[in-house]
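The values are calculated or read from the model by the stated rules, or taken from the named source; none is laboratory data. Computed from a prediction, not measured in an experiment: that's the story for all the values here. Note that each Cβ is placed from the backbone with ideal geometry, even for glycine, and that neighbours are counted across all protein chains shown.
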């Protein structure tokens with residue numbers, strides 16, 4: 001008697017307020033994605049296919065922040081249909097670049113940008129997915145690192161803990177043999193307070209880290225801000241350096257407010 005075929009787990013990819021960059025990182029996996037496709041059923045991924053399979057879903061990848069009333073309701077529906085929910089990218093994990101509105105008057109922005117402000121429905125703040133529903137894992141980056149994404153998916157498929165670094169970008173620079181741009185050239189760099197993950201892109205190109213992967217565990221942002229001041233950054237510049245892709249991440253947000 002033949003054994004019954006084991007069903008592949010269902011994978012869903014959801015978009016909220018974002019630029020789609022993290023979903024494109026998944027498509028950039030190319031050959032690796034074909035291997036994944038043999039292990040899972042891609043049940044919902046509008047960036048890649050029109051196919052829509054009904055839930056529940058074994059794994060949901062969620063890109064984007066909660067920025068509209070509709071999204072605030074929809075994320076609860078996604079959570080109810082998902083056994084495992086993984087947020088991917090700076091928007092989903094920290095509110096994204098759109099969270100800059102959290103530090104200003106949203107109504108003023110709307111009146112300035114849009115010809116018909118009455119057409120716009122938005123929340124006062126852009127927030128992370130974890131501010132609304134329980135999240136099983138957060139994968140940082142703007143965009144995410146595709147190798148890390150494959151590691152996380154593979155780990156969940158076989159039931160082990162994903163191996164994702166939580167050390168600073170500075171460690172990644174040292175491992176790659178990249179000379180510190182802040183020490184050697186006096187260039188501003190967020191490496192000491194930023195979680196590793198990008199593959200050492202900016203320092204290897206003779207630029208300081210922009211903090212794309214958000215704050216590392218227990219970052220000493222105050223000490224770094226003092227050093228940035230010694231390098232010539234004024235109060236506004238020190239505020240703005242913490243207000244980019246992860247502006248609403250707790251450690252970066254608090255430090256930026258110290259320089260308002």
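Only one entry in 61, 100 is within 13 Å of residue 245 (Cβ to Cβ) and either assigned by TED's automatic domain parsing to the domain that holds residue 126 or part of a strand (DSSP E or B) (or both), namely 100.
Can you give me the number of residues within the stretch 245-254 that are in contact with a strand residue (DSSP E or B) (Cβ under 9 Å, 6 or more places away or on another chain) and either free of Cβ contacts under 8 Å to residues at least 24 places away in the same chain or part of a helix (DSSP H, G or I) (or both)? Looking only at that region, the number is 3.
May I ask you to verify whether residue 65 is in contact (Cβ under 8 Å) with a residue 60 or more places away in the chain, crowded, with 18+ Cβ neighbours inside 10 Å and farther than 20 Å from residue 134 by Cα? The answer is no for residue 65.
Every residue, every condition in (1) touching a strand residue (DSSP E or B) at 6+ places or on another chain (Cβ under 8 Å); (2) in a loop (DSSP other than H, G, I, E, B); (3) exposed (fewer than 15 other Cβ atoms within 10 Å of the Cβ), yes or no:
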{"position": "199", "(1), (2), (3)": "no, yes, yes"}
{"position": "208", "(1), (2), (3)": "no, yes, no"}
{"position": "212", "(1), (2), (3)": "yes, yes, no"}
{"position": "218", "(1), (2), (3)": "no, yes, yes"}
{"position": "228", "(1), (2), (3)": "no, no, no"}
{"position": "232", "(1), (2), (3)": "no, yes, yes"}
{"position": "236", "(1), (2), (3)": "no, no, yes"}
{"position": "239", "(1), (2), (3)": "no, no, no"}
{"position": "243", "(1), (2), (3)": "no, yes, no"}
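The number of residues in the stretch 155-169 being more than 16 Å from residue 216 (Cβ to Cβ) and either touching a residue at least 60 places away in the same chain (Cβ under 8 Å) or buried (at least 21 other Cβ atoms within 10 Å of the Cβ) (or both) comes to 2.
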